[in-house]
Amino acid sequence: MNIADIRKVGKRYAALLQPERLRTIANQIPRDVILVAVILLSSSVTFGLGILTGEQLGQGGVIVETLPLATSTANTVDTAPAITPAILNAGRVVASKNGSKYYFPWCGGAKRLSTAHKIWFASAAQARIHGYTKAANCKGL
């Protein structure tokens with residue numbers, strides 16, 4: 001394709017984009033369809049911008065964990081108050097009563113642990129003190 005061909009294609013598209021022709025096309029599309037298209041486009045763009053903003057702020061991942069609602073601290077080693085997602089991300093590790101490895105809460109091994117057998121530690125050092133070793137498949141430990 002040379003410059004002359006590109007010029008011909010440009011003129012053809014310019015003819016399609018003339019205001020009179022665009023008004024004719026716009027008048028053929030129902031207003032409800034245009035309204036729905038604008039709403040879908042704007043919501044998709046704002047959702048994408050929200051995701052990008054969250055990733056830039058370091059909030060890209062969402063961790064949802066179901067914790068036991070018992071008031072007893074029988075299955076916890078430390079005496080932390082309420083366990084919230086913010087505390088979970090602050091260096092806390094989890095292990096099983098029946099196992100010998102400790103994990104971060106978002107690791108695959110931790111997700112496979114039974115909630116009845118989970119033991120929470122405030123840090124990896126505390127888990128090592130109690131005889132647990134780090135899991136080889138949990139990155140960051």
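If the chain linking Ala125 and Lys139 were pulled fully straight, counting 0.36 nm for each residue of separation and taking away their Cα-Cα distance, it would gain 3.4 nm.
Each of Lys97 and Leu17 was given a label point 7 Å from its Cα along the Cα-to-Cβ line. The distance between the two points is 7.0 nm. If you take all other residues with their beta carbon under 12 Å from the beta carbon of Arg112, and give Lys and Arg +1 and Asp and Glu -1, the sum is +3.
The calculated P(r) of the range 3-56, using every Cα pair and 5 Å bins from 0, goes 4, 16, 11, 11, 13, 13, 13, 12, 6, 0 in percent.
Where a number appears in this text, it was derived from the coordinates with a stated rule and is not lab data. Computed from a predicted structure; not experimentally measured. Note that we place each Cβ from the backbone using ideal geometry, even for glycine, and neighbour counts take in every protein chain shown.
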